1. Starting from the Cα gyration tensor of the stretch 170-212, take the square roots of the eigenvalues, sort them a ≥ b ≥ c, and report rounded, prolate or oblate (rounded when a/c is under 1.5, otherwise prolate if a/b is larger than b/c, else oblate).
2. Quick one: 3J(HN,Hα) in Hz for the stretch 231-247, Karplus 6.51/-1.76/1.60 with θ = phi - 60°, rounded, Gly and Pro as x.
3. Where the only charges are on Cβ atoms (+1 Lys, Arg; -1 Asp, Glu), what is the dipole of the stretch 150-240 about its Cα centre, to the nearest 20 debye?
4. I need the Kirkwood Rh of the stretch 116-241: take the reciprocal of the average 1/r across all distinct C-alpha pairs and report it in angstrom.
5. Mind checking the stretch 198-307 for GluC sites (Glu not before Pro) that DSSP puts in a loop (not H, G, I, E or B) and that have at most 11 other Cβ atoms within 10 Å?
6. Could you give the dipole magnitude of the stretch 145-300 about its Cα centre, charging the beta-carbon of Lys and Arg +1 and that of Asp and Glu -1, in debye to the nearest 20?
7. To the nearest 20 Debye, how big is the dipole of the stretch 83-217 about its Cα centre, given +1 on the beta carbon of each Lys and Arg and -1 on that of each Asp and Glu?
8. Go ahead and run the numbers for FRET between residue 202 and residue 241, Cβ-Cβ distance against an R0 of 30 Å, rounding to 0.05.
Amino acid sequence: MNDMNAMKVERIKLSVGPLLYLWPRNSVTQCYADLADGPADTVVLGEVVCARRRELKLDDWLGLARELTQAGKEVVLAAQALIESESDLRLLRRQTEQHEFLIEAGDASALSLLQGAPFVLGPHINIYSRPALEQHVLLGATRWVPPLELDLAAVAMINPPGQQIVATELFAFGRMPLAFSARCFTARHHHLSKDECQFRCMDDPDGLLVSSTEGQDFLVLNGIQTQSAGMHCLLGQAPQRLRAAGVQRLRLSPCSHGFANVLAQYEAVFNQGLAAEDGLAALRGLGLPGQLVNGYALKQAGMAWQP
């Protein structure tokens, strides 16, 4: 009976994903100072989108990682998702050569450099079957962030409860990173070359919104990354449903406004018994940069919302 009660109250851990936008240095450091006092269990640090974004260098990220560790957080260092040059590889080597913090592999180029060391499978590594996951576990994977388009039933089939070979961490809040390109869409929008972009993506702290010809919010440009216009949100999913899919962790992606409150609402709903309707009402009152969506998790179009 005691074991059953412990299972019922087992905490759903909260992770803060890597910052996907180019913010001024002071804004970045303030964001992580706020997170140090918040309910997040894990913080993922590092530049994953564009190699030209260097407001913080690796030593700065390591300094932040140590401060957050002292505040009681688990810290993971995220590798870049699209490796394009020798300088990108040099940075990746430096990340994998340090042994203080777990690495999140952004793409397959990180796997050989990790040489069997424990790592996190990032959401852009294509794991769509049980055998694929098993192969990556043999390489050292200890945690899996499923691709964003996988629904809860598919996640459960690949890494089911009772037969799990790694921990499952599900993307649960934020604009969904959908694709990467060697071309910088933000620079092109401003009629600039990628190498002389003037770092214009700093003008858009939550990305540059693109609308359809009908005026509907469609996509967001974030440098070389394309994102959803809607804010993926799983706050309305019952904790029991997530546990039934084998989910032990939820990942929240930072946004420029109200993120500390978002994190607090997830903690309240999933770990403190707050009604999901109340949490969602609080989120809708924050003035978030996009409408809430949850379609992918429920096997629907990604921009759909199902109550």
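1. On the way: a/c = 2.06, a/b = 1.84, b/c = 1.12.
Prolate.
2. Calculated HN-Hα couplings, in order: 9, 4, 9, 10, 5, x, 7, 5, x, 5, 5, 5, 5, 5, 8, x, 7 Hz.
3. For this selection, approximately 180 debye.
4. Working: mean 1/r = 0.0597 Å⁻¹.
About 16.7 Å, per the Kirkwood formula over Cα pairs.
5. Values: sites: 214, 267, 277; in loops: 214.
Taking the stretch 198-307 and a limit of 11 other Cβ atoms within 10 Å, the loop GluC sites (Glu not before Pro) found are 214.
6. On the way: 11 positive and 13 negative charges, 64 e Å.
Value, rounded to 20: 300 debye.
7. Details: 10 positive and 18 negative charges, 57 e Å.
Here the stretch 83-217 has a charge dipole of around 280 debye.
8. On the way: r = 39 Å, r/R0 = 1.29.
For R0 = 30 Å, the calculated efficiency reads 0.20.
Every read-out reported here was derived from the displayed coordinates using simple, explicitly stated rules and does not represent laboratory data. This one's a predicted model, so the numbers in the text were calculated from it and none came from an experiment. All Cβ positions, glycine included, derive from the backbone under ideal geometry; neighbour counts span all protein chains shown.
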